Amino acid sequence: MTGEDTRKTAARRVLVVGIGNPERGDDGVGPAVAHRLAGRLPGDVGLIVQGGDMLSLLGDWAGVDALVCVDAAVSGASPGQIHRLDLAADELPRDLAPVSSHAFGLPEAIALARALGEAPRRIVIYAIEGRCFDGGAAMSPEAVAAAEAVAGHITAEIARLRQPERETAQA
Amino acid sequence: MGTKTLRVDYLTRVEGEGALDLDVSDGKIIAARLNIFEPPRFFEALLRGRSYAEIPDIVARICGICPIAYQMSGVHAIEDAFGIKVGGQLRALRRLIYCGEWIESHALHVVMLHAPDFLGYPDAIRMAADHGDRVRDGLAIRKAGNALMRILGGREIHPVNVRVGGFYSLPSRTELAPIAESLERARDLAIGLVAWVAGFPFPDFERDYEFVGLRHPGEYPFNEGRVVSSRDIDISIAEYETEFEERQVAHSTALHSVVRRRGAYLVGPLARYALNFDRLPASVQALARTAGLDAVCRNPFRGIVVRAVEILYACEEALRLIAAYEPPDMASVPVQPRAAVGFGCTEAPRGICWHRYEFDEGGLIRTARIVPPTSQNQPSIEADLAEVAAGILDQPDEVIRDRCEQSIRNYDPCISCSTHFLRLSVRRT
């Protein structure tokens with residue numbers, strides 16, 4: 001099923017995933033960032049929105065070199081605060097585990113992909129602190145502002161991630 | 001000897017929030033309770049006063065894993081009430097989308113949730129390090145099922161394309177072609193999956209269940225049939241309440257269903273298979289026998305093999321339906337509401353899902369009743385637990401706990417969403 005490993009020869013493939021449910025207040029911040037990025041990214045950068053099932057992500061990131069995920073988080077920080085995790089250096093802490101009501105959340109999906117040897121080499125997660133996750137609620141002003149900021153951060157992040165491998169090699 | 005309580009505070013790798021209590025006194029199990037503390041969700045109450053047309057989209061929200069079961073039981077009940085018959089290719093498409101749900105639900109359970117029990121891993125992630133190819137196969141099978149749900153349902157979670165009388169839009173043959181390709185691959189992988197799980201070590205354990213499921217004159221059941229049991233029940237879907245009742249129990253927010261005259265019964269793959277083995281294609285029967293299954297299997301731990309066999313069947317059936325598909329002229333048949341009561345019952349991945357609705361002359365819902373598979377299986381789960389634990393009471397608590405959790409997962413219980421942490425506390429007196 002998996003294609004040839006072309007990482008060393010082809011341009012680095014980058015995928016951006018906005019995770020969350022727009023019907024549940026600040027949980028929609030991931031899709032909101034994806035919405036802001038639409039049309040602003042280089043043509044070869046993938047952009048998808050994923051509602052709930054993180055296991056499906058494994059299929060989406062097959063053959064991807066670098067993955068950028070955006071999701072809501074609840075860690076006790078102030079609403080709208082932006083956490084950036086580079087999984088080359090950081091572990092995904094439990095208390096920052098993105099809000100999900102499903103059995104396989106993002107941390108599990110990443111762990112599973114790593115166990116299968118199929119995880120993208122680089123994974124960067126933007127987790128935006130949410131305030132309200134009620135069904136039908138609008139996003140909080142803090143999350144809306146953070147979504148705009150994160151869209152800018154990701155545009156710059158992608159420019160770095162698309163550099164040839166040596167220049168972005170892990171420390 | 002004295003009294004002790006074995007407690008599993010949070011069940012993992014099940015859909016929902018539940019715990020387990022075992023009370024042991026003088027070397028005997030005196031109580032086994034599956035505590036379901038998932039908050040009640042009041043779906044039946046919130047349906048009241050709403051239009052019949054809203055049922056498919058509302059009841060789909062009951063479950064993210066098996067929304068089709070709720071949608072199908074719902075639309076059949078409505079059509080029963082309004083005197084509507086959906087046949088031909090629309091009926092075939094309903095079977096097809098149900099195949100998708102069985103494939104994705106069973107593949108998730110067999111590979112990601114249940115297999116780790118038999119191979120001694122705490123979860124699928126740890127299992128993947130040693131059995132990566134099997135996990136990849138399981139995910140590929142599941143993906144084929146999801147693709148089917150997406151093409152027919154509009155999306156795989158809480159599909160939006162099912163309506164009373166049929167569908168909102170129909171797929172073309174061209175759109176189904178790539179789905180058939182992935183299903184062919186899934187079918188081949190399912191054959192390997194059956195062989196893999198058949199080789200697992202199974203406890204030597206059987207119980208004399210009363211199996212309950214649908215029985216159709218010519219098909220392995222999804223959407224239609226009579227409600228039958230392995231003892232003497234053979235009734236129409238409308239007569240369900242004459243034989244079965246739901247009771248409240250203090251330790252569960254889910255109702256317990258029983259056969260009025262007898263008590264616990266079993267729904268789901270083991271029951272469906274035992275009641276309908278002769279409705280499986282010869283090729284699937286042969287593979288089941290190769291996997292060590294007889295026409296009836298009473299060992300709940302071998303349910304994982306039956307589930308794998310049902311994945312294979314669903315792939316075969318889906319391929320057959322796609323090959324015979326010709327888009328019908330209309331995506332749905334006309335619907336004219338009337339004051340009436342209607343009943344629907346279909347085979348969810350976990351067993352029969354029974355619905356009853358009463359409508360006024362404008363099609364507004366007066367009352368609704370929904371009996372999901374897991375509430376029907378709860379008394380059987382508890383009876384299994386008592387018997388499983390009784391046989392290993394001399395073992396350490398850890399062993400008892402693991403085997404009991406595995407016993408619960410035999411049922412693929414769908415309480416609603418899974419949990420991550422497990423604590424066991426033992427109280428000795």
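Can you tell me the alpha carbon radius of gyration of chain B divided by the globular rule-of-thumb value 2.2 N^0.38 Å? Walk me through the numbers on the way to the answer.
Details: Rg = 21.1 Å, N = 429, 2.2 N^0.38 = 22.0 Å.
That ratio works out to 0.96.
Quick one: order B:209, B:220 by neighbouring beta-carbon count within 10 Å, fewest to most. Don't jump to the answer; show the numbers that get you there.
On the way: B:209 22, B:220 25.
Final ranking by Cβ density, sparse to dense: B:209, B:220.
Just want the ordering: B:330, B:72, B:112, from fewest to most Cβ atoms lying within 10 Å of their own Cβ. Write out the running numbers ahead of the final one.
Details: B:330 12, B:72 29, B:112 24.
Arranged by neighbour count, lowest to highest, B:330, B:72, B:112 become B:330, B:112, B:72.
Run through every distinct alpha carbon pair of segment B:80-119 and return the Kirkwood hydrodynamic radius in angstroms, one decimal place. Spell out each step's value before the answer.
On the way: mean 1/r = 0.0803 Å⁻¹.
Across segment B:80-119, the inverse of the average 1/r is 12.5 Å.
Convert 25 °C to kelvin, take the viscosity as 0.890 mPa s, use the Kirkwood radius over C-alpha pairs of the protein assembly as shown as Rh, and evaluate the Stokes-Einstein diffusion coefficient in µm²/s, rounded to a whole number.
Values: Rh = 25.3 Å.
Estimated diffusion coefficient is 97 µm²/s.
How would you rank B:322, B:103, going from fewest to most other Cβ atoms within 10 Å of each one's own Cβ? Don't skip to the end; give the middle numbers.
Working: B:322 20, B:103 32.
Fewest-to-most Cβ neighbours within 10 Å comes out as B:322, B:103.
Note the per residue figure in Å³ for the convex hull of the C-alpha positions in segment B:166-225. Display every interim value, and only then the final one.
Numbers: hull volume 10.2 nm³, N = 60.
With only Cα atoms used, segment B:166-225 gives 169 Å³ per residue.
Tell me the label-point distance for the pair residue A:77, residue B:289, using the 7 Å Cα-to-Cβ offset, in nm and rounded to one decimal.
6.3 nm
For residue B:339, what is the net charge nearby, where nearby means another residue's Cβ is under 9 Å from its Cβ and Lys, Arg count +1, Asp, Glu -1? Don't skip to the answer; put the middle values down first.
On the way: positive: B:338, B:366; negative: B:358, B:360, B:361.
The answer is -1.
For residue B:31 and residue B:129, compute 0.36 nm times the residue count separating them, minus their Cα-Cα distance, and round to one decimal in nm. Intermediate results must be reported in sequence, preceding the final value.
Details: separation 98, 0.36 × 98 = 35.28 nm, distance 3.83 nm.
Here the answer is 31.5 nm.
Determine the equivalent ellipsoid of segment B:88-196 by diagonalising the alpha-carbon gyration tensor, then write out the semi-axes as square roots of 5 times the eigenvalues, largest first, rounded to whole Å.
Numbers: eigenvalues 180, 39, 22 Å².
Each semi-axis is the square root of five times an eigenvalue, giving 30, 14, 10 Å.
Suppose each label sits 7 Å from its Cα in the direction of the beta carbon; what would the residue B:168-residue B:119 distance come out to in nanometres?
4.0 nm
On the principal axes of its Cα set, how long, how wide and how thick is segment A:14-164? Give whole Å, largest value first.
Principal-axis extents of segment A:14-164 (Cα, largest first): 39, 33, 24 Å.
Sticking with the crude label model, points 7 Å out along Cα→Cβ, report the distance from residue B:216 to residue B:278 in nm, one decimal please.
Here the modelled spin labels are 1.7 nm apart.
Tally Lys and Arg at +1 and Asp and Glu at -1 over the other residues with C-beta under 13 Å from the C-beta of residue B:161: what net charge comes out? Present the calculation step by step, with values, prior to reporting the outcome.
Details: positive: B:94, B:150, B:155, B:163; negative: B:57, B:156, B:175.
It works out to a net charge of +1.
In whole percent, what relative contact order does segment A:14-164 give with Cα contacts below 8 Å and a gap of six or more residues?
Values: 309 pairs, mean separation 52.2, N = 151.
Rounded, it is 35 percent for segment A:14-164.
Out of all Cα-Cα pairs in segment B:37-162, roughly what percent, to the nearest whole number, are more than 17 Å apart? Provide the component values of the computation, followed by the final result.
Details: 4997 of 7875 pairs.
Here the long-distance tail beyond 17 Å is 63 percent of all Cα pairs in segment B:37-162.
Subtract the Cα-Cα distance of residue B:393 and residue B:41 from 0.36 nm times their separation in residues, and report this length gain in nm to one decimal.
On the way: separation 352, 0.36 × 352 = 126.72 nm, distance 3.66 nm.
Full extension from residue B:393 to residue B:41 adds 123.1 nm.
What's the average, rounded to a whole number, of partner chain beta-carbon atoms within 10 Å of each residue's beta-carbon in A:115-127? Provide the component values of the computation, followed by the final result.
Working: counts 10, 9, 3, 4, 0, 0, 0, 0, 0, 0, 0, 0, 0.
What the average comes to for A:115-127 is 2.
At a Förster distance of 51 Å, what's the computed FRET efficiency of residue A:62 paired with residue B:296, Cβ-Cβ distance as r, to 0.05? Write out the running numbers ahead of the final one.
Working: r = 41 Å, r/R0 = 0.81.
Using R0 = 51 Å, I get an efficiency of 0.80.
For residue B:232 and residue B:5 in the same chain, what is the full-extension length gain: residue separation times 0.36 nm, less their Cα-Cα distance, in nm? Each step should come with its number before you reach the end.
Numbers: separation 227, 0.36 × 227 = 81.72 nm, distance 3.76 nm.
Contour length minus the Cα-Cα distance gives 78.0 nm.
Helix check for chain B. Which DSSP H runs span at least 15 Å along their own axis by Cα, with a mean Kyte-Doolittle hydropathy no less than 0.5?
On the way: long enough: B:67-82 (23 Å, 0.34); B:88-107 (29 Å, -0.23); B:132-153 (30 Å, -0.10); B:173-198 (37 Å, 0.44); B:303-323 (30 Å, 1.24); B:373-390 (26 Å, -0.38); B:397-409 (18 Å, -1.24).
Result, helices passing both filters: B:303-323.
Please report the relative contact order for segment B:123-239, taking Cα pairs under 8 Å with a sequence separation of at least 6, and give it as a percent rounded to a whole number.
16 percent
So what's the convex hull volume per residue for the Cα atoms of segment B:278-369, in Å³?
Numbers: hull volume 13.0 nm³, N = 92.
Looking at segment B:278-369, the number lands at 141 Å³ per residue.
Each value in this text was obtained by applying a stated rule to the coordinates, not by laboratory testing. Keep in mind it's a predicted model, so treat the numbers as computed, not measured. Every residue, glycine among them, receives a Cβ derived from its backbone with ideal geometry; neighbour counts consider all protein chains shown.
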